[in-house]
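See below for the structure under consideration.
The values are calculated or read from the model by the stated rules, or taken from the named source; none is laboratory data. Nothing here was measured: the structure is a model prediction, and the numbers come from that model. Note: ideal-geometry Cβ built from the backbone for every residue, glycine included; neighbour counts use all protein chains shown.
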Amino acid sequence: MASPFTLSQHWTFNLMDDPKRLAFVMARYQFVADMCPPQCSMIELGCSEGIGLPLLMEKATRYTGVDIDAPALTFARKNWPEPRFTFLHDDVLGKSFGTFDCVFSLDVIEHIAREREHLFFEAVHRNTNSDGIAVVGTPNLAAEAYQSESSRIGHINLFSAARLKQSLAAYFHHVFLFGINDEMVHTGYHNMCHYLIALACNKKVLS
């Protein structure tokens, strides 16, 4: 890791304006890190500046981050110059960048129009090894009333727990659904959690 570590304007603002939000986001990355096997290859669909890499790097022999935000990727490449970390400026929808032990995407699907969401799930499926895992996290439709106005504008495609599980089940034989409230992961009543995070495995062979 390069020194000193530099945050983008986006995360600097979040850290100064609402530092607990950074803690919540890092808890989601900790979930991914805990689910990944050791010495694994991973790809993050919608990586921004790679804010979760401090938690992921102990598991990753190879990490690829993909995002359409070129300025964020500039910070990612500066902070993570090691050869095992690759950052690609690209749209993830429907695309394959290889196959990986762990494919994950946090806070992305809610920004994709519903008529194009199938391309997101196709990308998750295509990039997952046959014995790999996929993790998808997104705000819960049930908590929409408590969103900020800025979140409401950007979140054009919120998922319920049932729809997230059903969407992934079209591509994976097994889908396990969790809820997150702040930093707490649980398997309780999904309508009472702010954030949904799904773990999918046993990839289906699609015609």
## Note on the structure
Filtering segment 108-132 down to residues that are buried (at least 17 other Cβ atoms within 10 Å of the Cβ) and out of contact with any helix residue (DSSP H, G or I) (no Cβ under 6 Å at 6 or more places or on another chain) yields V108, E110, E117, E122, A123, V124, H125, R126, N127, T128, G132
### Summary
Residue count, segment 28-45, condition surrounded by fewer than 18 Cβ atoms within 10 Å (Cβ to Cβ) and within 16 Å of D107 (Cβ to Cβ), comes to 1
#### Entry: Those residues of segment 161-207 which are within 13 Å of N140 (Cβ to Cβ), among the hydroxyl-bearing types (S, T, Y) and touching a residue at least 24 places away in the same chain (Cβ under 8 Å), in sequence order
Y195
### Message
Take the residues in segment 165-207 that are in a helix (DSSP H, G or I) and polar (S, T, N, Q); name whichever of them is surrounded by the most Cβ atoms within 10 Å (Cβ to Cβ).
### Response
S167
### Task
Kindly provide the set of residues from segment 52-84 that are within 22 Å of L22 (Cα to Cα), of a type outside the set (D, E), out of contact with any Phe, Trp or Tyr (no Cβ under 6 Å at 6 or more places or on another chain) and assigned to a loop (DSSP other than H, G, I, E, B), ordered by number.
M57, K59, I68, W80
#### Entry: Failed item, numbered, when A143 is tested on (1) modelled with pLDDT under 95; (2) surrounded by 21 or more Cβ atoms within 10 Å (Cβ to Cβ)
(2)
